[in-house]
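To start, the structure itself, in C-alpha coordinates.
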Amino acid sequence: MSQDPGGTSSSQFSMRRRLLAMGLAALAGIGVSFLIWSFTGIGGQKSPEDTARYSGIASVGGPFQLVTHDGKTVTDQDFAGRFMLIYFGYTWCPDVCPLALQLMDDTLARLGPDAAAIQPIFITIDPERDTPEVIKHYLASFRPGLIGLTGAPEDIAAVAAAYKMYYRKTEPLDDANPDSYGVDHMNIFYLMGPNGAYVAHFMSPSSPKDMATEIAPHLP
Ligand code: NI
(Lines give C-alpha, C1' and ligand atoms only; values in the text may rest on other atoms or scores of the structure.)
Protein backbone atom coordinates (compact mmCIF):
# COMPACT_ATOMS: atom_id res chain seq x y z
CA MET A 1 0.00 0.00 0.00
CA SER A 2 1.56 3.30 -1.05
CA GLN A 3 1.33 6.19 1.34
CA ASP A 4 1.48 9.85 0.48
CA PRO A 5 4.61 10.98 2.34
CA GLY A 6 3.78 13.69 4.80
CA GLY A 7 0.16 13.83 3.64
CA THR A 8 -1.66 13.17 6.87
CA SER A 9 -5.16 13.76 5.60
CA SER A 10 -4.44 11.73 2.49
CA SER A 11 -3.16 8.79 4.51
CA GLN A 12 -6.11 9.04 6.85
CA PHE A 13 -8.35 8.91 3.81
CA SER A 14 -6.43 5.91 2.59
CA MET A 15 -6.90 4.30 6.01
CA ARG A 16 -10.63 4.91 5.82
CA ARG A 17 -10.80 3.30 2.40
CA ARG A 18 -8.87 0.31 3.65
CA LEU A 19 -11.18 0.04 6.65
CA LEU A 20 -14.18 0.16 4.37
CA ALA A 21 -12.71 -2.44 2.04
CA MET A 22 -11.94 -4.58 5.05
CA GLY A 23 -15.49 -4.19 6.28
CA LEU A 24 -16.86 -5.33 2.94
CA ALA A 25 -14.45 -8.26 2.84
CA ALA A 26 -15.50 -9.14 6.37
CA LEU A 27 -19.14 -9.06 5.31
CA ALA A 28 -18.42 -11.44 2.45
CA GLY A 29 -16.50 -13.74 4.77
CA ILE A 30 -19.23 -13.56 7.34
CA GLY A 31 -21.81 -14.47 4.71
CA VAL A 32 -19.86 -17.62 3.98
CA SER A 33 -19.43 -18.29 7.70
CA PHE A 34 -23.15 -17.97 8.20
CA LEU A 35 -23.90 -20.39 5.39
CA ILE A 36 -21.63 -22.93 7.03
CA TRP A 37 -23.03 -22.08 10.43
CA SER A 38 -26.64 -22.28 9.29
CA PHE A 39 -26.17 -25.77 7.93
CA THR A 40 -24.32 -27.01 10.97
CA GLY A 41 -26.06 -25.11 13.72
CA ILE A 42 -29.27 -23.28 14.31
CA GLY A 43 -29.59 -20.90 11.39
CA GLY A 44 -32.44 -20.38 9.02
CA GLN A 45 -35.48 -20.75 11.22
CA LYS A 46 -37.60 -18.41 13.27
CA SER A 47 -40.24 -19.93 15.49
CA PRO A 48 -39.52 -21.93 18.65
CA GLU A 49 -41.57 -24.78 17.18
CA ASP A 50 -39.31 -24.92 14.17
CA THR A 51 -36.13 -24.38 16.13
CA ALA A 52 -36.89 -27.33 18.38
CA ARG A 53 -36.10 -29.54 15.41
CA TYR A 54 -32.52 -28.32 15.35
CA SER A 55 -30.22 -30.11 17.69
CA GLY A 56 -27.79 -27.19 17.97
CA ILE A 57 -30.37 -24.91 19.48
CA ALA A 58 -30.06 -25.87 23.13
CA SER A 59 -26.34 -25.20 23.09
CA VAL A 60 -26.50 -21.50 22.18
CA GLY A 61 -25.80 -19.18 25.09
CA GLY A 62 -24.88 -20.04 28.64
CA PRO A 63 -23.20 -18.64 31.72
CA PHE A 64 -20.78 -15.74 31.45
CA GLN A 65 -18.92 -13.37 33.76
CA LEU A 66 -17.90 -10.08 32.19
CA VAL A 67 -17.35 -6.41 33.05
CA THR A 68 -19.80 -3.63 32.18
CA HIS A 69 -18.88 -0.30 30.60
CA ASP A 70 -19.14 1.09 34.14
CA GLY A 71 -16.51 -1.35 35.36
CA LYS A 72 -18.92 -3.57 37.27
CA THR A 73 -18.51 -7.35 37.16
CA VAL A 74 -21.72 -9.08 36.08
CA THR A 75 -22.86 -12.57 35.17
CA ASP A 76 -25.72 -13.83 33.04
CA GLN A 77 -27.66 -14.22 36.30
CA ASP A 78 -27.76 -10.45 36.70
CA PHE A 79 -30.06 -10.40 33.65
CA ALA A 80 -32.27 -13.31 34.74
CA GLY A 81 -35.96 -12.46 34.45
CA ARG A 82 -35.42 -10.20 31.44
CA PHE A 83 -34.94 -10.87 27.78
CA MET A 84 -31.45 -10.14 26.47
CA LEU A 85 -30.94 -8.79 22.96
CA ILE A 86 -27.25 -9.42 22.40
CA TYR A 87 -24.92 -8.12 19.71
CA PHE A 88 -21.23 -8.99 19.45
CA GLY A 89 -18.95 -6.41 17.85
CA TYR A 90 -16.21 -3.89 18.56
CA THR A 91 -16.00 -0.15 18.85
CA TRP A 92 -13.37 0.26 16.12
CA CYS A 93 -15.68 -1.40 13.59
CA PRO A 94 -15.95 1.14 10.74
CA ASP A 95 -19.50 0.48 9.60
CA VAL A 96 -21.10 -2.85 10.43
CA CYS A 97 -21.33 -2.44 14.20
CA PRO A 98 -22.57 1.17 14.22
CA LEU A 99 -25.32 0.23 11.76
CA ALA A 100 -26.21 -2.84 13.79
CA LEU A 101 -26.47 -0.91 17.04
CA GLN A 102 -28.57 1.73 15.31
CA LEU A 103 -30.83 -1.07 14.07
CA MET A 104 -31.06 -2.34 17.65
CA ASP A 105 -31.99 1.15 18.86
CA ASP A 106 -34.64 1.59 16.19
CA THR A 107 -36.10 -1.85 16.85
CA LEU A 108 -36.45 -1.17 20.58
CA ALA A 109 -37.98 2.23 19.85
CA ARG A 110 -40.57 0.53 17.65
CA LEU A 111 -41.46 -1.88 20.45
CA GLY A 112 -42.33 1.08 22.66
CA PRO A 113 -43.07 0.27 26.30
CA ASP A 114 -42.74 -3.48 25.57
CA ALA A 115 -39.01 -2.89 25.09
CA ALA A 116 -38.73 -2.55 28.86
CA ALA A 117 -38.74 -6.36 29.02
CA ILE A 118 -35.53 -6.43 27.00
CA GLN A 119 -31.99 -5.69 28.14
CA PRO A 120 -29.94 -4.73 25.07
CA ILE A 121 -26.32 -5.86 25.39
CA PHE A 122 -23.22 -5.15 23.31
CA ILE A 123 -20.39 -7.63 23.91
CA THR A 124 -17.01 -6.70 22.49
CA ILE A 125 -14.94 -9.26 20.64
CA ASP A 126 -11.96 -6.88 20.89
CA PRO A 127 -11.26 -6.82 24.64
CA GLU A 128 -7.67 -5.61 24.22
CA ARG A 129 -8.77 -2.23 22.88
CA ASP A 130 -12.35 -2.13 24.17
CA THR A 131 -11.83 -1.28 27.81
CA PRO A 132 -14.89 -0.30 29.88
CA GLU A 133 -13.99 3.38 29.35
CA VAL A 134 -13.73 3.02 25.57
CA ILE A 135 -17.06 1.19 25.40
CA LYS A 136 -18.76 3.72 27.66
CA HIS A 137 -17.68 6.54 25.39
CA TYR A 138 -18.81 4.60 22.30
CA LEU A 139 -22.24 3.70 23.67
CA ALA A 140 -23.00 7.33 24.51
CA SER A 141 -24.05 7.66 20.85
CA PHE A 142 -26.74 5.02 21.25
CA ARG A 143 -29.92 4.37 23.19
CA PRO A 144 -29.59 4.85 26.96
CA GLY A 145 -29.80 1.54 28.76
CA LEU A 146 -27.66 -0.37 26.28
CA ILE A 147 -25.06 -2.22 28.35
CA GLY A 148 -21.58 -2.81 26.97
CA LEU A 149 -19.59 -5.81 28.18
CA THR A 150 -15.92 -6.57 27.98
CA GLY A 151 -13.61 -8.83 29.95
CA ALA A 152 -10.43 -10.83 29.92
CA PRO A 153 -9.67 -12.18 26.43
CA GLU A 154 -10.32 -15.74 27.63
CA ASP A 155 -13.70 -14.74 29.07
CA ILE A 156 -14.66 -13.05 25.80
CA ALA A 157 -13.51 -16.11 23.87
CA ALA A 158 -15.66 -18.28 26.13
CA VAL A 159 -18.85 -16.25 25.73
CA ALA A 160 -18.29 -15.96 21.98
CA ALA A 161 -17.88 -19.71 21.73
CA ALA A 162 -21.03 -20.22 23.80
CA TYR A 163 -22.95 -18.08 21.30
CA LYS A 164 -21.27 -19.71 18.28
CA MET A 165 -19.90 -16.30 17.44
CA TYR A 166 -17.13 -16.38 14.86
CA TYR A 167 -14.51 -13.62 15.02
CA ARG A 168 -10.93 -13.21 13.91
CA LYS A 169 -8.37 -10.44 14.10
CA THR A 170 -7.09 -9.19 10.76
CA GLU A 171 -3.56 -7.98 9.96
CA PRO A 172 -2.77 -4.43 11.14
CA LEU A 173 -3.60 -1.82 8.48
CA ASP A 174 -0.44 0.03 9.39
CA ASP A 175 2.59 -2.19 9.94
CA ALA A 176 4.09 0.42 12.25
CA ASN A 177 1.01 0.32 14.47
CA PRO A 178 0.15 -3.16 15.77
CA ASP A 179 -3.08 -1.74 17.23
CA SER A 180 -4.45 -0.89 13.79
CA TYR A 181 -5.98 -4.32 13.28
CA GLY A 182 -9.62 -5.02 12.46
CA VAL A 183 -11.79 -7.89 13.62
CA ASP A 184 -13.91 -9.95 11.26
CA HIS A 185 -17.08 -11.01 12.97
CA MET A 186 -20.54 -12.35 12.28
CA ASN A 187 -23.32 -9.78 12.11
CA ILE A 188 -26.06 -11.33 14.19
CA PHE A 189 -28.42 -10.52 17.05
CA TYR A 190 -29.53 -13.03 19.64
CA LEU A 191 -32.75 -12.78 21.60
CA MET A 192 -32.46 -14.79 24.79
CA GLY A 193 -35.38 -15.45 27.11
CA PRO A 194 -35.85 -14.51 30.77
CA ASN A 195 -34.53 -17.97 31.70
CA GLY A 196 -31.40 -17.39 29.61
CA ALA A 197 -32.46 -19.79 26.86
CA TYR A 198 -32.25 -19.03 23.16
CA VAL A 199 -35.43 -17.53 21.67
CA ALA A 200 -34.49 -16.20 18.24
CA HIS A 201 -31.69 -14.73 16.18
CA PHE A 202 -31.60 -12.07 13.49
CA MET A 203 -29.09 -11.56 10.75
CA SER A 204 -28.42 -7.95 9.81
CA PRO A 205 -29.56 -6.18 7.76
CA SER A 206 -33.10 -6.77 8.89
CA SER A 207 -35.22 -3.64 9.08
CA PRO A 208 -36.23 -2.39 12.53
CA LYS A 209 -39.81 -3.08 11.52
CA ASP A 210 -39.09 -6.72 10.67
CA MET A 211 -37.06 -7.28 13.80
CA ALA A 212 -39.67 -5.67 16.05
CA THR A 213 -42.42 -7.71 14.37
CA GLU A 214 -40.54 -10.92 15.08
CA ILE A 215 -39.64 -10.02 18.65
CA ALA A 216 -43.02 -8.70 19.78
CA PRO A 217 -44.88 -12.04 20.01
CA HIS A 218 -42.25 -13.37 22.41
CA LEU A 219 -42.71 -10.55 24.91
CA PRO A 220 -45.11 -10.66 27.86
NI1 NI B 1 -18.42 -4.77 13.46
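Observations on the structure shown:
- Breaking point among (1) in contact with a strand residue (DSSP E or B) (Cβ under 9 Å, 6 or more places away or on another chain); (2) of a type in the set (D, E, K, R); (3) over 15 Å from CYS93 (Cβ atoms), for GLU171: (1)
- If you go through the range 153-172 and keep only what is in a loop (DSSP other than H, G, I, E, B) and surrounded by fewer than 17 Cβ atoms within 10 Å (Cβ to Cβ), you end up with THR170, GLU171, PRO172.
- Residues of the range 155-198 that are farther than 26 Å from THR131 by Cα and either of a type in the set (A, V, I, L, M, F, W, C) or within 16 Å of the ligand (Cβ to nearest atom) (or both): ALA197 alone.
- Some residue of the range 143-152 being of a type outside the set (A, V, I, L, M, F, W, C), surrounded by 22 or more Cβ atoms within 10 Å (Cβ to Cβ) and in contact with a Phe, Trp or Tyr (Cβ under 7 Å, 6 or more places away or on another chain): yes
- From PHE142, PHE189, residue being of a type in the set (Phe, Trp, Tyr) and in a loop (DSSP other than H, G, I, E, B): PHE142
- Strands (runs of 3 or more DSSP E) within the range 52-128 that include 3 or more residues in contact with a helix residue (DSSP H, G or I) (Cβ under 8 Å, 6 or more places away or on another chain) and either away from the ligand (no atom under 16 Å from the Cβ) or modelled with pLDDT of 95 or more (or both): 65-68, 83-89, 118-124
- Failed item, numbered, when ASP126 is tested on (1) under 12 Å from the mean Cα position of the chain (by Cα); (2) within 24 Å of ALA212 (Cβ to Cβ): (2)
- Test result for HIS201, within 13 Å of the chain's Cα centre (by Cα), farther than 23 Å from THR73 by Cβ and away from the ligand (no atom under 15 Å from the Cβ): yes
- Qualifying residue in the range 142-152 (condition: at pLDDT 95 or above, under 19 Å from GLY61 (Cα atoms), of a type in the set (Val, Ile, Thr) and in contact with an Asp or Glu (Cβ under 8 Å, 6 or more places away or on another chain)): yes
- Of the set (1) touching a helix residue (DSSP H, G or I) at 6+ places or on another chain (Cβ under 8 Å); (2) more than 28 Å from ALA109 (Cα to Cα); (3) not in a strand (DSSP E or B), all apply to ALA176 but (1).
The values are calculated or read from the model by the stated rules, or taken from the named source; none is laboratory data. Just so it is clear, the structure is predicted and the values come from calculations on it, not from any experiment. We place every Cβ from the backbone using ideal geometry, glycine too, and count neighbours over all the protein chains shown.
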